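Q: Handing you a structure now.
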Amino acid sequence: MSKHIALGVDIGGSGIKAAPVNLKTGAFTEDRYRVATPQPATPDAVGSAVAKVVSKFSPSKKTPIGITFPGVVQHGVVKFAPNMDQSWIGVNIDDVMRDYIGRFVHTLNDADAAGYGEFLYGAAHGRDGVVFLATLGTGIGSAVIVDGEVVPNTELGHLIIDGRDAEEYAAESARERHDLDWDEWSGHLQKYFSEVERLIWPDLIIVGGGVSKAHENFLPKLALRSPIVPAELLNGAGIVGAAAGAAHFRDREQLKEKAEAKKAKAAAKREAKKNSN
Ligand code: BGC
């Protein structure tokens, strides 16, 4: 794979999808490949399914691989994942993936990946200020991006609205479960996004998740302070954001290594000079 390509893998409750991404444009360079998420979705079962989708693209040793996970991933460790098998809690997902794929991968929360993807190539392209992205699906994922930097694991899908977890009240799954029409569901979204606006004052709100394709049915019904727009990368945002996030992480690590090597070299030089005096 060429230097400008990274592989993104999106782990979801029902499917695991992957595609190589051109980091200059954010476009897939090959068709997306999908397998069903194994049930139960334990770390081992998911690790082996991810290895299968990765091997489909035969990435070179240097190709960065980014993975999204539908829960809190703090420094590689899964801390919270309400819609996944609970055996994930406390597991270092980067280690699991390394065992199955045979090399380092970078994992991040699915909504954070989508937000990063939208910032780089989509609806928030190059936007300064505070961008809030909500993915409306089985749950509500949230991403807060400040001047292009993702604040990880914000979990604003679990704000409490009328005494209930927002995700049970306003996610796409809530619309389906309670058979809400667009007007009724828009009422729930209105309450949800008003609460978000009360707390974090975004400059722009982006709505992602599969239902964002039907945005004409609900976005015009919302009255909010900030502009609210549909995601542009639709279901690809997670894959794109994961791929770009992995490349960004690799570049940062390489910079750190270079800086450390430079420091060590300078220290050795000082030491040699001291000894020769
Ligand atoms: C999880 C989030 C995740 C979202 C979307 C929520 O239930 O807590 O971490 O981003 O679902 O998958």
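Q: Measure off, as a whole percent, the carbon and sulfur share of the 1.4 Å-probe accessible area of the chain, all protein chains present. Walk me through the numbers on the way to the answer.
A: On the way: 6960 of 13490 Å².
Carbon and sulfur atoms account for 52 percent of the accessible area of the chain.
Q: Cα convex hull of the stretch 1-119: how many Å³ per residue?
A: It comes to 94 Å³ per residue, whole-number rounded.
Q: A follow-up question, please. Under the rule of at least 5 residues apart or a separate chain, name every residue whose amide H is placed under 5 Å from the amide H of ILE206.
A: PHE132, LEU133, ALA134, VAL229
Q: Can you tell me what the convex hull of the Cα atoms of the stretch 125-231 projects to on average, as an area in nm²?
A: Working: hull surface 24.6 nm².
The orientation-averaged projected area of the Cα hull of the stretch 125-231 comes to 6.1 nm².
Q: Step through the residues of the stretch 259-267 one at a time and calculate ³J(HN,Hα) from phi using the Karplus curve (6.51 cos²θ - 1.76 cosθ + 1.60, θ = phi - 60°), rounding each to whole Hz and writing x for Gly and Pro.
A: Result, rounded to whole Hz: 4, 5, 4, 5, 4, 5, 5, 5, 5.
Q: If you don't mind, there's one more thing I want to ask. For a distance above 29 Å, tell me the whole-number percent of Cα pairs in the chain that qualify. Write out the running numbers ahead of the final one.
A: Numbers: 13370 of 38226 pairs.
So the portion of pairs separated by more than 29 Å is 35 percent.
Q: Can you tell me the orientation of helix 110-121 relative to the chain, as the angle in degrees between its alpha-carbon axis and the longest Cα principal axis, to the nearest 10?
A: So the helix axis and the longest Cα principal axis differ by about 80 degrees.
Q: Follow-up. How far is it, in nm, from the label point at GLU30 to the one at SER55 when both lie 7 Å from their Cα along the line to the Cβ?
A: Placing both labels 7 Å along Cα→Cβ, they lie 1.4 nm apart.
Q: In whole Hz and in residue order, list the ³J(HN,Hα) couplings for the stretch 139-151 that follow from phi through the Karplus curve 6.51 cos²θ - 1.76 cosθ + 1.60, θ = phi - 60°; x for Gly and Pro.
A: My calculation for the stretch 139-151 gives x, 10, x, 10, 9, 10, 10, 10, 6, x, 9, 7, 8 Hz in order.
Q: Within the stretch 83-98, whose backbone N sits under 15 Å from a point 7 Å along Cα→Cβ of ASP44?
A: 87-88, 96-97
Q: With a 1.4 Å probe and every protein chain left in place, work out the accessible area per residue of the chain in Å², rounded to a whole number. All intermediate terms of the calculation are to be shown ahead of the outcome.
A: Numbers: 13490 Å² over 277 residues.
Ligands and nucleic acids excluded, the figure is 49 Å² per residue.
Q: A follow-up question, please. Using DSSP to call loops (not H, G, I, E or B), can you name the GluC sites (Glu not before Pro) in the stretch 119-221 whose Cβ has at most 11 other Cβ atoms within 10 angstrom?
A: none
Q: At a Förster distance of 45 Å, what's the computed FRET efficiency of ASN22 paired with ASP181, Cβ-Cβ distance as r, to 0.05? Don't skip to the answer; put the middle values down first.
A: Details: r = 40 Å, r/R0 = 0.90.
E(calc), rounded to 0.05, equals 0.65.
Q: Moving to a separate point now. Do any of LYS24/LYS256; LYS3/LYS213; LYS3/LYS24 go past 21 Å between their Cα atoms, and which?
A: Working: LYS24/LYS256 23 Å; LYS3/LYS213 32 Å; LYS3/LYS24 10 Å.
Violating the 21 Å limit, Cα to Cα: LYS24/LYS256; LYS3/LYS213.
The values are calculated or read from the model by the stated rules, or taken from the named source; none is laboratory data. Being a predicted model, the structure only gives us computed values, none of them experimental. Note: ideal-geometry Cβ built from the backbone for every residue, glycine included; neighbour counts use all protein chains shown. Only protein heavy atoms, including side chains, enter the accessible area calculation; ligands, DNA and RNA are left aside. Shrake-Rupley method; radii C 1.70, N 1.55, O 1.52, S 1.80 Å.
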